[in-house]
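Notes for the one structure printed next.
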Amino acid sequence: DVKVTQSSRYLVKRTGEKVFLECVQDMDHENMFWYRQDPGLGLRLIYFSYDVKMKEKGDIPEGYSVSREKKERFSLILESASTNQTSMYLCASSSLKGGQNQPQHFGDGTRLSIL
Amino acid sequence: KQEVTQIPAALSVPEGENLVLNCSFTDSAIYNLQWFRQDPGKGLTSLLLIQSSQREQTSGRLNASLDKSSGRSTLYIAASQPGDSATYLCAVRGGSEKLVFGKGMKLTVNP
């Protein structure tokens, strides 16, 4: 089975801090994604990556950056955390092998609170 | 811009009922549609993926159908159980790797 692991289930940080959220997948997937999920707004894509050192902006990239130095690891960085970044953050991965119709697999999420 | 809608936002039913969950999307140019389940405080679990060339997919008590031309998908749950209680989300994939999600439908199955 595909395993997507997010390093923290719960995280509490202060405004202005630099925050790192880590995600690791064990299936050699090319694609990795970061979403945030908020009540009433659903899941929104922040960034995704289709290869090492490659990244593309999603729908709400402002205030975030990402890093993908190794294929299995995709990091989300909040450069200077603000209270409006309090949210549930979800990482996902998918394969390019086998064609276009490969499902995305999700981690358990990190609930981040910025005080 | 693709928009995905799930109505109603919540549903409460007694155990044993057969259920139909609805998903509609505005742009029929999709590669596939995926149904997910999300338990409270958890991530998403992939249930079924229907390719644009397919009409339906089945897994156990779940059956998902796709009518691309009308922009609709349904998830059918047979003989619902309390363990089916969760939020169900549908998502469509267009020309890129990105998924566009509906806001989900919270299902409660009462014993």
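Assorted remarks:
- 10 Å Cβ shell holding at most 12 others, DSSP loop, trypsin sites (Lys or Arg not before Pro): longest site-free stretch of chain A: A:54-96
- Net charge dipole size for the protein assembly as shown [Lys, Arg +1 and Asp, Glu -1 on Cβ; Debye, nearest 20]: 320 debye
- Label separation (A:Ile60 vs A:Arg14): 2.6 nm, computed from points 7 Å beyond Cα along the C-beta direction.
- The 3J(HN,Hα) values that the Karplus relation (6.51, -1.76, 1.60; θ = phi - 60°) gives for region B:87-104 are, in residue order, 9, 10, 10, 10, 8, 10, 10, x, x, 10, 7, 6, 9, 10, 9, x, 7, x Hz. Gly and Pro appear as x.
- When the C-alpha to C-alpha distance is required to be over 26 Å, the pairs from A:Lys71/B:Lys103; A:Lys71/B:Lys42; A:Lys57/A:Lys97; B:Lys42/B:Lys103; A:Lys13/B:Lys106 that qualify are A:Lys71/B:Lys103; A:Lys13/B:Lys106.
- Of the GluC sites (Glu not before Pro) in region A:36-115, those whose Cβ has at most 14 other Cβ within 10 Å and which sit in DSSP loop: A:Glu62, A:Glu79
- Of the residues A:Asp38, A:Asp1, the one with the fewest other Cβ atoms within 10 Å heads the list, and the complete ranking is A:Asp1, A:Asp38.
Read-outs throughout are calculated quantities, based only on the coordinates presented, and are distinct from any laboratory measurement. Every value quoted in this text rests on a predicted model; they were computed, and no experiment measured them. Please note: Cβ atoms are built from the backbone with ideal geometry, for glycine as well, and neighbour counts cover all protein chains shown.
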